[in-house]
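Reading through the structure tokens given below for one structure.
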Amino acid sequence: TPAIAVAQGKPNPETEFVLNYFALQAPPIVSTVAGNQVVLVDHNTYTQAPDDIKAAKIIGIIDHHNLGGIVTEDPISVLLEPVGSTNTIIWELYQRAGVSIPSSIAGGMLSAILSDTLAFKSPTTTDLDRKAAQSLAVTSHITDMSKFSQQMFLAGEADLKTAEIDNLLQRDR
């Protein structure tokens, strides 16, 4: 199914580091989804969706968070798993489909797993997160996940002392 990944805001410094490291482009920023078909990824609440989400047709959800109260008129595809990162679920989808993951995309996915699981220190981390990360590390040529995650987290912390408070509060939205 043709689809376009989009974001609701500018990448935070940690994400900027990852995009630059793996030569990836940030997805386009959208503020409206009315009239479009959408798949919610890494969230399933109205409060994290665009303001006009109820004027869009939600056709799917891929998430690792608790259910957040989204209501749809039609049945939809829902993939919710109790793992540390939504990218672990996406890695599983690639595996099931037998599709190779490009090195740069694997690096971005690995980074998301490392970020979500706090480099496997979060209590939500599962063995499947570790398995997915190991596979993605090989594909993306990251030989030391600990060292890479430290670089990534340091990049994310770089502007904490100088950033505007509103920016910090909205950063992960």
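Please report the relative contact order for the range 15-87, taking Cα pairs under 8 Å with a sequence separation of at least 6, and give it as a percent rounded to a whole number.
The normalised contact order for the range 15-87 reaches 27 percent.
So if each residue of separation counts as 0.36 nm, and I subtract the Cα-Cα distance between residue 55 and residue 78, what length gain in nm does that give?
6.3 nm
Pick from 146, 85, 115: which residue has the top mean-square fluctuation in a GNM of the chain where Cα pairs under 10 Å get a spring?
Ranking 146, 85, 115 by mean-square fluctuation puts 146 first.
Explain nothing, just the number: relative contact order of the range 81-155, from Cα pairs under 8 Å at least 6 residues apart, as a whole percent.
Once normalised by length, the contact order is 38 percent.
Who wins for biggest fluctuation among 117, 72, 162 in a Gaussian network model of the chain, springs between alpha carbons below 10 Å?
For the chain, modelled as a Gaussian network with Cα springs under 10 Å, the answer is 162.
So for the range 42-173, averaging the separation of alpha carbon pairs under 8 Å that are six or more residues apart and normalising by length, what relative contact order in percent results?
Computed value for the range 42-173: 19 percent relative contact order.
So for the pair residue 138, residue 154, with labels modelled 7 Å out along Cα→Cβ, what separation do we get in nm?
Output for this residue pair reads 2.9 nm.
Could you order 157, 164, 16, 92 by accessible surface area, starting with the largest, using a probe radius of 1.4 Å?
164, 157, 16, 92
Give the span of the range 6-85's Cα atoms along each principal axis, as three whole-Å numbers ordered largest to smallest.
Computed over the range 6-85, the largest-to-smallest principal extents equal 41, 30, 18 Å.
For residue 127 and residue 97, what is the calculated FRET efficiency with R₀ set at 22 Å and r taken between the beta-carbons, to the nearest 0.05?
Step by step, r from the Cβ atoms, then E = 0.50.
What does a probe at residue 168 reach in the range 9-25, counting residues whose amide N is under 18 Å from the point 7 Å along Cα→Cβ?
Within reach of a label on residue 168: 12-15.
Give the distance, in whole Å, between the Cα centre of the range 60-97 and the Cα centre of the range 126-151.
The distance from the Cα centre of the range 60-97 to that of the range 126-151 comes to 21 Å.
Let me see the pair-distance distribution of the range 104-156: every alpha carbon pair, 10 Å bin width, integer percents in order.
Going out from 0 Å in 10 Å bins, the range 104-156 shows 27, 62, 11 percent.
When the dipole is taken about the Cα centre of the chain, and only Lys, Arg (+1) and Asp, Glu (-1) are charged at their Cβ, what size is it in debye, to the nearest 20?
About 280 debye.
Would you please report the Å³ per residue occupied by the convex hull of the alpha carbon atoms in the chain?
With only Cα atoms used, the chain gives 129 Å³ per residue.
Please list the radius of gyration and Dmax for the range 67-124, considering alpha-carbon atoms only, with Å as the unit.
13.7, 39
Nearest 20 debye, what's the magnitude of the dipole of the range 34-93 about its Cα centre given +1 on Lys and Arg Cβ and -1 on Asp and Glu Cβ?
60 debye
The values are calculated or read from the model by the stated rules, or taken from the named source; none is laboratory data. This is a predicted model, so every value here is computed, not measured. Please note: Cβ atoms are built from the backbone with ideal geometry, for glycine as well, and neighbour counts cover all protein chains shown. Only protein heavy atoms, including side chains, enter the accessible area calculation; ligands, DNA and RNA are left aside. Shrake-Rupley method; radii C 1.70, N 1.55, O 1.52, S 1.80 Å.
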